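Structure first, commentary second.
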Amino acid sequence: MSRLKKLLIFLIKNVLGSFLFFFGGVHIIKYLLRKKRYYIVLNYHNFSRYNNYKINRGDILEIGYERNFEKQVCFLKKHFQFCYPEEFYCKNTARGIINILLTFDDGYKDNYDIAYPILKKYKIPAVFFIVSSVPNTNSWLWHDKVRFLVTKNKLDAIEAEKELVKLNAGKKMNSKFIEKIDELSKEFPDKRLMMNWNEIKELAENGYVIGSHTHTHSPILFLNSINRKKELQSSIKIISEKINKTVSQFAYPNGLYDNDCDELMFESGIKISYTTDKGFNQKNDSFLRIKRIGVNASDSIGVLLLKLFLNKDK
Ligand SMILES: [Zn+2]
């Protein structure tokens, strides 16, 4: 996508978002959804600018947006009711009250540094999904390596984004592209991007839910049944030993799953699993296919509202 097209989309999103914000968009959403019980699950990653889904937006090493994130949290707290999934699915919440949950994928250190103090201050529940091979190492996840190489002009942004789109659509990426990333591996700075076990343990001890996001962030869909089990069960075992709690929630890397995954979840003790399928959840939806809406800590309240508005009927 050309830079001009991206700029136009950015402007349109912000103008529409501001329009929704100033003309009571949140009340319109609540009015339209007043007859049923809905559960919105938001999906954050790290706190770099435009941090999700687009490979060539912003530098992975430039983090921030604490003030904007705090604004988002206050706005959501004012209009929706935060709760964990068990509460939404098992209790009889009143119709017209929209429940909400924040989830954070991958286990970035900035989740501990930035999100955790704000969540704690406003008593907001959240689930953090950890890739169990990463804490206490300076390893980077594959998609962060790609983003870093793009910002350093070592990798073509259009090619990288094309490959990411393929991956997120459940298609295999070009093997030459994967080899190129491996060849450039010496370029990565020796910097810790992810939480360590002490930080993760502190979140768990303070009541936050720690879930599994596999052992190596391999999309389950691409693995055979033996490796699927290994990825999931080794990660559950490691995380539960480190935090001294049962791990019963899981988020699919890249949101990719198939029909065999439900059985894998059952036999691994996972009670709730989260996809990246967009939409609002309802009472009778499956616990193992929770839909989530991808948001960024840098999104304005208007853009956040626009994302909710566009996904409300799904
Ligand atoms: Zn992930």
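Could you tell me how many of the residues in the stretch 290-304 are assigned to a loop (DSSP other than H, G, I, E, B), open to solvent by 20 Å² or more (accessible area, probe 1.4 Å) and not basic (Lys, Arg)?
Initial filter on the stretch 290-304 (assigned to a loop (DSSP other than H, G, I, E, B)): 291-292, 295-300.
Filter once more, keeping what is open to solvent by 20 Å² or more (accessible area, probe 1.4 Å): 291, 298, 300.
Right, trim to not basic (Lys, Arg) and you get 298, 300.
Residues meeting the conditions: 2.
To keep it simple, each residue is scored yes or no on (1) over 18 Å from the mean Cα position of the chain (by Cα); (2) farther than 24 Å from PHE69 by Cβ; (3) part of a strand (DSSP E or B).
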residue: ASN198; (1), (2), (3): yes, no, no
residue: GLY207; (1), (2), (3): yes, no, no
residue: HIS215; (1), (2), (3): no, yes, no
residue: LYS237; (1), (2), (3): yes, yes, no
residue: ASP262; (1), (2), (3): yes, yes, no
residue: LYS278; (1), (2), (3): no, no, no
residue: LEU288; (1), (2), (3): no, yes, no
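Take the conditions (1) at pLDDT 85 or above; (2) not in a loop (DSSP other than H, G, I, E, B); SER133 misses just one of them, which is (2). Inspect all residues belonging to the stretch 134-157 and state whether any of them is touching a Lys or Arg at 6+ places or on another chain (Cβ under 8 Å) and of a type in the set (D, E, K, R). No, the conditions are met nowhere in the stretch 134-157.
Just to be sure before I move on: is LYS242 open to solvent by 30 Å² or more (accessible area, probe 1.4 Å) and either without any contact (Cβ under 8 Å) to a residue 40 or more places away in the chain or part of a loop (DSSP other than H, G, I, E, B) (or both) in the structure I sent? Spell out the reasoning first.
Working: open to solvent by 30 Å² or more (accessible area, probe 1.4 Å): yes; either without any contact (Cβ under 8 Å) to a residue 40 or more places away in the chain or part of a loop (DSSP other than H, G, I, E, B) (or both): no.
Spelling it out, it is not the case that LYS242 is open to solvent by 30 Å² or more (accessible area, probe 1.4 Å) and either without any contact (Cβ under 8 Å) to a residue 40 or more places away in the chain or part of a loop (DSSP other than H, G, I, E, B) (or both).
Among the residues of the stretch 148-172, just one is part of a loop (DSSP other than H, G, I, E, B) and surrounded by 17 or more Cβ atoms within 10 Å (Cβ to Cβ), namely LEU155.
If I filter the stretch 178-190 for residues that are without any contact (Cβ under 8 Å) to a residue 60 or more places away in the chain, among the aromatic types (Phe, Trp, Tyr) and either touching an Asp or Glu at 6+ places or on another chain (Cβ under 8 Å) or within 16 Å of the ligand (Cβ to nearest atom) (or both), do I get at least one hit?
The initial filter retains those residues of the stretch 178-190 that are without any contact (Cβ under 8 Å) to a residue 60 or more places away in the chain, namely 178-188, 190.
So of that shortlist, the ones also among the aromatic types (Phe, Trp, Tyr) come out as 188.
With either touching an Asp or Glu at 6+ places or on another chain (Cβ under 8 Å) or within 16 Å of the ligand (Cβ to nearest atom) (or both) added as a condition, the list becomes none.
No; the residues of the stretch 178-190 include none that is without any contact (Cβ under 8 Å) to a residue 60 or more places away in the chain, among the aromatic types (Phe, Trp, Tyr) and either touching an Asp or Glu at 6+ places or on another chain (Cβ under 8 Å) or within 16 Å of the ligand (Cβ to nearest atom) (or both).
Being over 20 Å from LEU102 (Cβ atoms) and buried (at least 20 other Cβ atoms within 10 Å of the Cβ) is the filter here; which residues of the stretch 203-217 pass it? Matches in the stretch 203-217: THR214, HIS215, HIS217. Against the conditions (1) within 16 Å of TYR84 (Cβ to Cβ); (2) among the small types (Gly, Ala, Ser); (3) surrounded by fewer than 22 Cβ atoms within 10 Å (Cβ to Cβ); (4) within 16 Å of the ligand (Cβ to nearest atom), where does GLY255 fall short? Just the number, please. The number of the failed condition is (1). All told, ILE181 meets the bar of being within 30 Å of ASN153 (Cα to Cα) and open to solvent by less than 70 Å² (accessible area, probe 1.4 Å).
Of the residues examined, LYS307 is one that is of a type in the set (D, E, K, R), away from the ligand (no atom under 16 Å from the Cβ), buried (at least 18 other Cβ atoms within 10 Å of the Cβ) and within 28 Å of ARG95 (Cβ to Cβ).
Scanning the stretch 88-116 for residues that are assigned to a helix (DSSP H, G or I) and either within 16 Å of the ligand (Cβ to nearest atom) or in contact with a Pro (Cβ under 9 Å, 6 or more places away or on another chain) (or both) yields LYS109, ASP110, ASN111, ALA115.
The values are calculated or read from the model by the stated rules, or taken from the named source; none is laboratory data. A quick note: this is a predicted structure, and the numbers were derived from the prediction, not measured. Note that each Cβ is placed from the backbone with ideal geometry, even for glycine, and that neighbours are counted across all protein chains shown. Remember, those area values only see protein heavy atoms, side chains included, never the ligands or the DNA or RNA. Shrake-Rupley method; radii C 1.70, N 1.55, O 1.52, S 1.80 Å.
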